[in-house]
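Asks: I'd like to ask you about the structure that follows.
The values are calculated or read from the model by the stated rules, or taken from the named source; none is laboratory data. This one's a predicted model, so the numbers in the text were calculated from it and none came from an experiment. Every residue, glycine as well, gets a Cβ built from its backbone with ideal geometry; the counts of neighbours run over all protein chains shown.
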Amino acid sequence: MEHVNHPKHYNSHPKGIECIDIIRHYVCDIANAIKYLWRAGLKVEMGMEDIEKEIEDMEKALWYIKDYKTFPQHRILGIAATPALRYLTGYGIDDVTSGYEKRIAAAIGGLLRVGIISGHSVYAVEEWEYWLDNATNAIQERILELQQRHSLHSLPSFEEAQGEQKQEG
């Protein structure tokens, strides 16, 4: 039952932090984006290469960020429902983001900040947009890197290409 209640891909944080302990304090879209980033590269799916699953999880995170930005009423709802992360969980943003690839850490950190920015001034809205845009850009950069790496892996090696040419000739 451990694999249902505490799956390894949500429970492999280097500091022992479980994903649910953080995301339960955020509105749905932000929580889901964090969840997909949290498990990116850790969850295995039959019929998919690991790198394909990692890209898919990051694309899902981007979808939730875009959805969150589409509904401005989430700004106040999310902020009002999300007091300071450390107060609620005992963890700071640096605690939560440690151990992740730098762009994914930046994206998760940005999303965590969206929930704790005061939403009652123009400055806060600009800050909110800044962190969402930073998260989006970091995820997109990581996806591009993985896609490039994946395309290199899917190309035949020099030896394989030479063997194919000999068979054709």
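Asks: Taking segment 27-63, which residues are under 9 Å from the mean Cα position of the chain (by Cα) and among the basic types (Lys, Arg)?
Replies: Across segment 27-63, the qualifying residues are LYS35, ARG39, LYS60.
Asks: Just one of (1) at pLDDT below 85; (2) under 23 Å from GLU18 (Cα atoms) trips up PRO72, so point out which.
Replies: So the condition that PRO72 fails would be (2).
Asks: State whether the residues of segment 105-120 include one that is of a type outside the set (A, V, I, L, M, F, W, C), at pLDDT 60 or above and not in a helix (DSSP H, G or I).
Replies: yes
Asks: Okay, moving on. Evaluate segment 84-98: report whether one residue or more is closer than 26 Å to LYS60 by Cα, part of a loop (DSSP other than H, G, I, E, B) and modelled with pLDDT of 80 or more.
Replies: Looking for residues that are closer than 26 Å to LYS60 by Cα, part of a loop (DSSP other than H, G, I, E, B) and modelled with pLDDT of 80 or more, one finds at least one in segment 84-98, hence yes.
To keep it simple, each residue is scored yes or no on (1) crowded, with 20+ Cβ neighbours inside 10 Å; (2) under 16 Å from HIS150 (Cα atoms); (3) touching a Cys at 6+ places or on another chain (Cβ under 6 Å); (4) of a type outside the set (Asp, Glu).
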residue	(1), (2), (3), (4)
ASP21	no, no, no, no
CYS28	no, no, no, yes
ALA33	yes, no, no, yes
LEU37	yes, no, no, yes
MET46	no, no, no, yes
ASP50	no, yes, no, no
GLU56	no, yes, no, no
LYS60	no, no, no, yes
